[in-house]
Amino acid sequence: MGKHFLLILGWFVLNSGLLSGQVVDGIAAVVNDDVITFSDVRKNADSAERGLREKYPADKGKLLEGVKAARIKALNDLIDRRLIIQEFKKNGFSVPESVVNERINRIVQDQFKGNWDELTKALKAQGVLYEEFRIDIKENTIVQAMRQKNVDMAARDELKALHLPIPITDGTPEQQEAYSKAKERKRLEWTAGLRTSAYIKAFF
């Protein structure tokens, strides 16, 4: 994947209007049977790019470098996301619709003060259909559950095997750091394993 990503980086620079705002779409990658588009990548990198544009309003060189890095990270994250969801389905797991409903209701209560019309307006402003929003919430639930099982719990097991304390909500800075490092190790091991058995092809 390293070679692909280097070449993709060049594709972004030449064809995706990094600084002009020009919109160019196409297939960024295929992950087994799933497709990731360049618009998916831009959407995933949007928050980071806005921060970079605020940070480097007059330095196009640093802005370009930062946006390229943000999009490469976004593509990596999206590839991992597809692999996690595919693994969830392969294992025959499912998310009850009642759980999705509960999460959406919580979003409406917390972010829109219980006003469903405001949610509808927000989705329309972003050009997102409600069904797309619902799928996104469902997939977020899947990814969170899979990470908790394969990363958080695995990190705790590792600390237990080493007879180290497991800080959940408190603990010393050293304990928190050890837990964070263990989680990152387990995340990298897990996603690397998913990639090993997957068909991943990047297009540029």
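Descriptive notes on the structure:
- Net charge in the neighbourhood of A48 (other residues with Cβ under 14 Å of its Cβ; Lys, Arg +1, Asp, Glu -1) is +4.
- R50 exposes around 130 Å² of accessible area when a 1.4 Å probe is run over every protein chain in place.
- With Cα atoms as the point set, the radius of gyration and Dmax of segment 126-170 evaluate to 16.4, 51 Å.
- Pairwise FRET efficiency - N115 versus N76, Cβ, R0 = 35 Å, nearest 0.05: 0.45
- Percent of Cα pairs exceeding the 16 Å cut-off, where the set is segment 39-142: 69
- Couplings 3J(HN,Hα) for segment 125-136, derived from phi with the Karplus relation 6.51 cos²θ - 1.76 cosθ + 1.60 (θ = phi - 60°), are 5, 8, x, 10, 6, 4, 5, 5, 4, 5, 4, 4 Hz, where x marks Gly and Pro.
- In sequence order, calculated HN-Hα J values of segment 88-94 (Karplus, 6.51, -1.76, 1.60; Hz; x Gly/Pro): 4, 5, 4, 7, x, 7, 8
- Built from the Cα atoms of segment 75-188, the convex hull projects on average onto 9.5 nm², one quarter of its surface area.
- Normalised convex hull volume, the chain, alpha-carbon set, Å³ per residue: 176
- Looking at segment 135-204, the pairs of alpha carbons with a distance over 18 Å make up 50% of the total.
- Gyration tensor verdict on segment 61-107 (Cα atoms; rounded if a/c is under 1.5, prolate if a/b is larger than b/c, oblate otherwise): oblate
The values are calculated or read from the model by the stated rules, or taken from the named source; none is laboratory data. Just so it is clear, the model here is predicted, and its values are computed rather than measured. Positions of Cβ are generated from backbone atoms using ideal geometry, with glycine treated the same way; all protein chains shown enter the neighbour counts. SASA here: full protein model, heavy atoms, side chains in, ligands and nucleic acids out. Shrake-Rupley method; radii C 1.70, N 1.55, O 1.52, S 1.80 Å.
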